[in-house]
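For reference, the structure is listed below as C-alpha cells.
Computed from the coordinates by the stated procedures, all read-outs in this text should not be read as laboratory data. What you see is a predicted model, and the numbers here were worked out from it, not measured in a lab. Every residue, glycine as well, gets a Cβ built from its backbone with ideal geometry; the counts of neighbours run over all protein chains shown.
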Amino acid sequence: MNKDLSRLSQAEELWLWRTRQPVPLRPDGARRRNEMTMREAAKYLGLSRERYQHLEQGRRVNISIDELPSLAFLRMPRPELSLREQLVLARRRSGLYIRQIMAELGLSHQTILARESNASRRLIDYWIGKGFCGFNIPSETLPRPVVLVRSRTVPPAELRPRPVLLRRAAS
C-alpha cells in the first residue's frame, strides 16, 4: 500500500474525477450525495457500470480504441487535493472501515465523516500516526513551535526564606 498521498494511481485519479464532478439535480427532488455515482460516471464516459467499477478499483480492463478519448482526462494536470480528499484517500488506501476507525478513536460514524469534511487536525494526526505522509496542510493549521523561555533559577528549598506566620494575641 502506497502511503504517500501526493501520488495517485490511475484508479484514484478516476475516483477523484468522479467525486469532483457537479451533480445534476434529480427530477424527483430526493436528497442525494454530493458526488457523482459510479453509474452516472460510467454513462458519462460511455462505459458499462461494471467496467467503470473495475477501472476505479484498479483492476485490469481491456479498453477499445473508441473508449480511449473518454479517459484522456486522466493524464491532464489536476488541482491539488484538498485535505478532505486526502483524508478520504487515506481511509480508502488503508482498507479500514469507518467502524474500525470509530473503535480506535472512540468517535461516532457521523463524527468521523464530519471530521473528514472539516479536515480535523486529530484525524490528520491519526493518519500520520498510521504512516501516511504527503498531507497538503496549510501553514495556519500546523502546530506552532514551542518557544522555551528561560526562567530564573529557583533556589533549593533550604535556601528559600521560610514564610512567617503571624499569630493573633489571645485576649
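In this simple spin-label model, placing a label point 7 Å from the Cα along the Cα-to-Cβ direction at both residue 3 and residue 20 gives a separation of 2.7 nm. Full extension of the chain segment joining residue 80 with residue 137 gains 19.4 nm, where the gain is 0.36 nm per residue of separation less the Cα-Cα distance.
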